[in-house]
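Beneath this line is the structure, given in structure tokens, with notes to follow.
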Amino acid sequence: MTVGVLLQRKTGDIITISPEASLTDALKSLAEHRIGAIVAVGPAGRLEGILSERDLVRILAEKGPDILSSPVSSVMTRAVVTCGVDETIPVIMERMTRGRFRHVPVVDGDKLLGIISIGDVVKHRVEEMERESAELRDYIMTA
Ligand code: AMP
């Protein structure tokens, strides 16, 4: 299965934030949309960074709550690892494992098409395993 097919099955908007927005705004957006990371995009819709709940936990532990008025750009990860729609799920799983992150934005050149989370990948893998075991059960019953 490709990233494109998995993305088609996802509903809802792509949640983004301006790099100039405050960390408080990012925190609120993560909570409101029940997501673990938010993609920071510039005025032209260009992907500029990613901010995850882990970044917020780390910076709060280091600097305390006053940091929350700082911009997203001061904390986000700028070197974002992305993927394309034609890549396969096992390749993305490998990329997440190697990079030790749980979110991968899907892009076409400069255009942000969506975001794949570890939750999407695990859900897909569980469904695949359930299908395989049902097929095996059917095969054994009819053999
Ligand atoms: P996560 O596991 O996705 O919550 O993120 C863990 C750390 O990796 C945080 O510092 C994120 O900013 C960073 N991160 C998350 N996704 C990516 C990505 N696709 N590329 C690079 N860094 C990322």
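Values for this structure:
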| quantity | calculated |
| --- | --- |
| Positions within the stretch 92-108 being of a type in the set (A, V, I, L, M, F, W, C) and more than 7 Å from the ligand (Cβ to nearest atom), in sequence order | Ile92, Met93, Met96, Val106, Val107 |
| Every pair of residues 6+ apart whose Cβ atoms lie under 8 Å, when the first sits in the stretch 48-60 and is closer than 17 Å to Lys28 by Cβ and β-branched (Val, Ile, Thr) while the second is open to solvent by 20 Å² or more (accessible area, probe 1.4 Å) and in a helix (DSSP H, G or I) | Ile59/Ile67 |
| Residue list for the stretch 24-66, restricted to those being away from the ligand (no atom under 13 Å from the Cβ), open to solvent by 30 Å² or more (accessible area, probe 1.4 Å) and β-branched (Val, Ile, Thr) | Thr24 |
| Subset of the stretch 67-83 that is in contact with a Gly (Cβ under 8 Å, 6 or more places away or on another chain) and outside any helix (DSSP H, G or I) - its residue that is surrounded by the fewest Cβ atoms within 10 Å (Cβ to Cβ) | Arg78 |
| Residues that are more than 10 Å from the ligand (Cβ to nearest atom) and more than 15 Å from the chain's Cα centre (by Cα), drawn from the stretch 67-86 | Ile67, Leu68, Ser69, Ser70, Pro71, Val72, Ser73, Ser74, Asp86 |
| Evaluation of Gly12 against (1) within 11 Å of the ligand (Cβ to nearest atom); (2) on the phi > 0 side of the Ramachandran plot (one fails), failing number | (1) |
| Any hit, the stretch 22-29, residues being assigned to a strand (DSSP E or B) and either closer than 26 Å to Lys123 by Cβ or not β-branched (Val, Ile, Thr) (or both) | yes |
| Answer from Arg125, Arg98 - the residue that is out of contact with any strand residue (DSSP E or B) (no Cβ under 7 Å at 6 or more places or on another chain), under 15 Å from Met1 (Cα atoms) and of a type in the set (Lys, Arg) | Arg125 |
| Residues of the stretch 84-99 satisfying the condition of being touching a residue at least 24 places away in the same chain (Cβ under 8 Å) and either open to solvent by 30 Å² or more (accessible area, probe 1.4 Å) or in contact with a His (Cβ under 7 Å, 6 or more places away or on another chain) (or both) | Val85, Asp86, Glu87, Thr88, Ile89, Met93 |
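The values are calculated or read from the model by the stated rules, or taken from the named source; none is laboratory data. Quick caveat: nothing in here was measured; it's all calculated off a predicted structure. Glycine also receives a Cβ, built like all others from the backbone with ideal geometry; neighbour counts cover every protein chain displayed. Note: areas computed on protein heavy atoms with side chains; ligands, DNA, RNA excluded. Shrake-Rupley method; radii C 1.70, N 1.55, O 1.52, S 1.80 Å.
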